Amino acid sequence: MRRARMTRTEDVRRQVLDEILDGTLAPGAQLPNEDALADRFQVSRATVREALRSLIAANYLTRRHGHGTFVSHAPMTRHALDATVSYTAMIREAGFEPSERVLSKESRAATDDEAERLDLSNGDGVVAVERVRLADRRPVVASIDRIPAALLSDEAMQRLDASLYVLLDWVGTPVRFATARLAPVLATDRLAKLLEVPRKSPLMQIEQVDLTADGRPVMLSSEWHVPDAFELLVNRRAPDDGSTEQ
């Protein structure tokens, strides 16, 4: 019985979440009461309550005592980590106006770590671009992207303000997959200032290497995400041999 109830809870949660993310339930909108939702989804009130509780915990919904449950004004957007994404497109699809600040662009020698992760020789150069991405003028992601300088012509260097994925495709080294490492970190003084959050507040850091179809590394990215702006999803699959042993 518990297994079936949890499955229906997840069904309700996903349907409500989809309506939040596609704009059917707009920021500030009040949800129907639990009885109405139970009738709609043909489940018990306890199932509705459990589904809504998880969405409240994830900041998609907020409960106002004596008034009801409402869609948060800044619900998180989902970022599935089984595919590279355009943050500009993702912010726009979530109903916000995307923009970015390019903080710096520089050509310099690769550090030892950058050379190792980008498969460069000692003394090879990189082009580093530091940016802050905004959703409705709110800073949500700070990033530093490094591309091997040998990949970029003088003309390509003039395109650094655009999508770097588009740029890499334009120079003939399109990204086909990536490896990413996630870690919770605390905001340094500089990150706190860039992202307009308190010092030492939690951030999600992503270190990613983007590769071509033949496995050639073409970009190294360090990103710091404001945690209430994006929900990071990791899609996993069962082993090919069908084993489920843990």
Pairs, first closer than 18 Å to Ala213 by Cβ in region 160-171, second exposed (fewer than 14 other Cβ atoms within 10 Å of the Cβ) and modelled with pLDDT of 90 or more, C-beta under 9 Å, six or more apart: Val171/Ser153
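Please work out if Val127 is surrounded by 12 or more Cβ atoms within 10 Å (Cβ to Cβ), β-branched (Val, Ile, Thr) and at pLDDT 90 or above. I'd like the intermediate steps shown before the answer.
Values: surrounded by 12 or more Cβ atoms within 10 Å (Cβ to Cβ): yes; β-branched (Val, Ile, Thr): yes; at pLDDT 90 or above: yes.
For Val127, the condition - surrounded by 12 or more Cβ atoms within 10 Å (Cβ to Cβ), β-branched (Val, Ile, Thr) and at pLDDT 90 or above - is met.
Would it be correct to say that Arg146 is part of a strand (DSSP E or B), under 23 Å from Thr173 (Cβ atoms) and in contact with a Leu (Cβ under 9 Å, 6 or more places away or on another chain)?
Details: part of a strand (DSSP E or B): yes; under 23 Å from Thr173 (Cβ atoms): yes; in contact with a Leu (Cβ under 9 Å, 6 or more places away or on another chain): yes.
When the stated conditions are applied, Arg146 passes them.
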The one condition Ser221 fails out of (1) modelled with pLDDT of 95 or more; (2) under 15 Å from Val140 (Cα atoms); (3) not aromatic (Phe, Trp, Tyr) is (2)
Give the residues of region 187-217 that are crowded, with 16+ Cβ neighbours inside 10 Å and part of a helix (DSSP H, G or I), sorted by residue number. Leu191, Ala192, Leu194, Leu195
From (1) surrounded by 14 or more Cβ atoms within 10 Å (Cβ to Cβ); (2) modelled with pLDDT of 90 or more; (3) of a type in the set (Gly, Ala, Ser), pick out the condition that doesn't hold for Ser72. (2)
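Out of Glu196, Glu207, Glu155, report the one residue that is over 21 Å from the mean Cα position of the chain (by Cα) and either over 18 Å from Ser107 (Cβ atoms) or assigned by TED's automatic domain parsing to the domain that holds Ala109 (or both).
Working: Glu196 fails: over 21 Å from the mean Cα position of the chain (by Cα); Glu207 fails: over 21 Å from the mean Cα position of the chain (by Cα).
Result of the check over Glu196, Glu207, Glu155: Glu155.
Okay, residues lined up against (1) exposed (fewer than 15 other Cβ atoms within 10 Å of the Cβ); (2) part of a strand (DSSP E or B):
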| residue | (1), (2) |
| --- | --- |
| Gly23 | yes, no |
| Ala26 | yes, no |
| Ala38 | no, no |
| Val48 | no, no |
| Ala51 | no, no |
| Ser54 | no, no |
| Arg63 | yes, yes |
| Gly66 | yes, no |
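The values are calculated or read from the model by the stated rules, or taken from the named source; none is laboratory data. All values reported here derive from a predicted model rather than from experimental measurement. FYI the Cβ positions are ideal-geometry reconstructions off the backbone, even for glycines, and counts take in every protein chain you see.
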